[in-house]
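Read through the structure below, which is laid out as structure tokens, and then see the notes.
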Amino acid sequence: MLIIGEKLNSSIPSVRQFINDKNTAAVQDLALRQVAAGADYLDLNTAQGDELVNMEWLVRAVQEVTDVPICLDSTSAVALRKGLETVKGDKSKVIVNSISLENNRLEEVLPLVLEYQCPVIALTLNDRGIPKTAVERIQLTEQIVEILTKKHYDLTKLYIDPLVLPQAVSHSNATMFFQCLTEVKRLFQVKTVSGLSNISFNTPKRKVINRQFLTFCMAYGMDAAILDPLDRQIMTSVLTNDFLLGNDRFGKKYLKSFRRLEF
Ligand code: THG
């Protein structure tokens with residue numbers, strides 16, 4: 001499974017402070033620690049503050065110390081464009097996070113995605129919000145797939161994010177999410193992704209729930225996750241799950257990492 005490191009997100013108060021202070025050393029340290037812990041991608045989110053200035057600064061700061069590809073996390077098309085323009089190296093590796101069927105979001109961001117032919121995360125969300133049922137989320141996925149197919153976009157670069165809602169809000173939120181993962185895989189040749197942590201909102205011992213939820217998601221074929229790679233236990237789960245699911249041929253990664261695993 002592809003690991004997208006979530007730490008460089010302005011919704012985390014300490015990180016927001018680093019970004020506002022233009023504390024290059026601090027964000028570079030967070031970037032390097034996530035990469036050392038096994039992040040395949042780094043998610044960059046600068047939503048709190050002057051997004052244009054901060055996105056450009058953050059991309060530069062991170063790319064000064066690592067070549068690990070970037071996932072640009074913003075709802076703003078101009079911020080995403082600024083991020084893409086700033087990225088050095090192969091821009092077709094950048095994951096654009098995200099598009100959705102909300103007003104204008106697709107119209108504004110899609111041209112960027114098509115220009116650079118980069119992978120994109122699409123949220124199953126429209127102007128009426130996040131649909132309550134798996135069936136409706138699959139319908140939104142179908143609409144997204146249809147639009148991208150018309151534009152001759154390579155669907156293997158599309159990551160559908162069916163959106164996780166808290167288990168504390170409805171006892172069927174987790175199973176409904178698994179159903180979405182299953183159906184997206186069955187019906188379309190696309191990938192799936194999620195930010196996991198919403199599942200445990202308003203529950204004690206959040207990390208335990210997140211980890212167990214991740215294990216189920218992986219079993220249901222999830223291709224990528226936005227998570228905290230500095231959480232050793234969740235990384236242990238990813239590694240062992242990939243081994244058991246046959247995503248780690250000959251246990252190469254597992255054997256390479258087993259000394260630093262936590263059980
Ligand atoms: N889908 C998509 N993009 C997303 C999300 C999603 N981007 C934002 C978010 N959800 C995923 N990113 C974060 C970033 C930080 C935290 C949660 C989600 C967070 N971090 C705490 C910290 O680092 O201090 C706690 C981490 C922990 O202890 O596990 O809360 O759903 N497409």
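The values are calculated or read from the model by the stated rules, or taken from the named source; none is laboratory data. All values reported here derive from a predicted model rather than from experimental measurement. Counting neighbours? That spans all protein chains shown, and the Cβs are built from the backbone with ideal geometry, glycine included. All accessible areas refer to the heavy atoms of the entire protein, side chains included, with ligands and DNA or RNA removed. Shrake-Rupley method; radii C 1.70, N 1.55, O 1.52, S 1.80 Å.
Below, the figures for the structure above:
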{"item": "Cα centroid separation, segment 211-263 to segment 50-64 (Å)", "result": "30"}
{"item": "Ordering of 240-250, 94-104, 137-147 by packing [mean C-beta count within 10 Å, highest first]", "result": "94-104, 137-147, 240-250"}
{"item": "Radius 15 Å from Cβ of Ile209, net charge of other residues (Lys, Arg +1; Asp, Glu -1)", "result": "+2"}
{"item": "Stokes-Einstein translational diffusion, segment 117-158 - Kirkwood Rh over all Cα pairs, 1.567 mPa s, 4 °C, in µm²/s", "result": "118"}
{"item": "Convex hull volume of the chain per residue (C-alpha atoms, cubic angstrom)", "result": "130"}
{"item": "Fraction of accessible area attributable to carbon and sulfur, segment 13-93 (%, probe 1.4 Å)", "result": "49"}
{"item": "Probe 1.4 Å - accessible area at Tyr220, Å² to nearest ten", "result": "100"}
{"item": "CD proxy at 222 nm, helix term only [per DSSP H run n ≥ 4: -39500 (n - 2.57); per residue of the chain; nearest 500]", "result": "-14500 deg cm²/dmol"}
{"item": "Label-point separation, Asn23 to Ile130 (7 Å along Cα→Cβ), nm", "result": "3.0"}
{"item": "Candidate residues Lys132, Lys7: accessible-area rank, largest first, probe 1.4 Å", "result": "Lys132, Lys7"}
{"item": "Accessible surface, the chain, averaged per residue in Å² (probe 1.4 Å)", "result": "49"}
{"item": "Over segment 116-263, volume per residue of the alpha carbon convex hull, in Å³", "result": "133"}
{"item": "Too-long pairs where the Cα-Cα distance tops 28 Å, listed order kept, from Lys82/Lys207; Lys88/Lys151; Lys7/Lys91; Lys157/Lys252; Lys7/Lys253; Lys82/Lys191", "result": "Lys82/Lys207"}
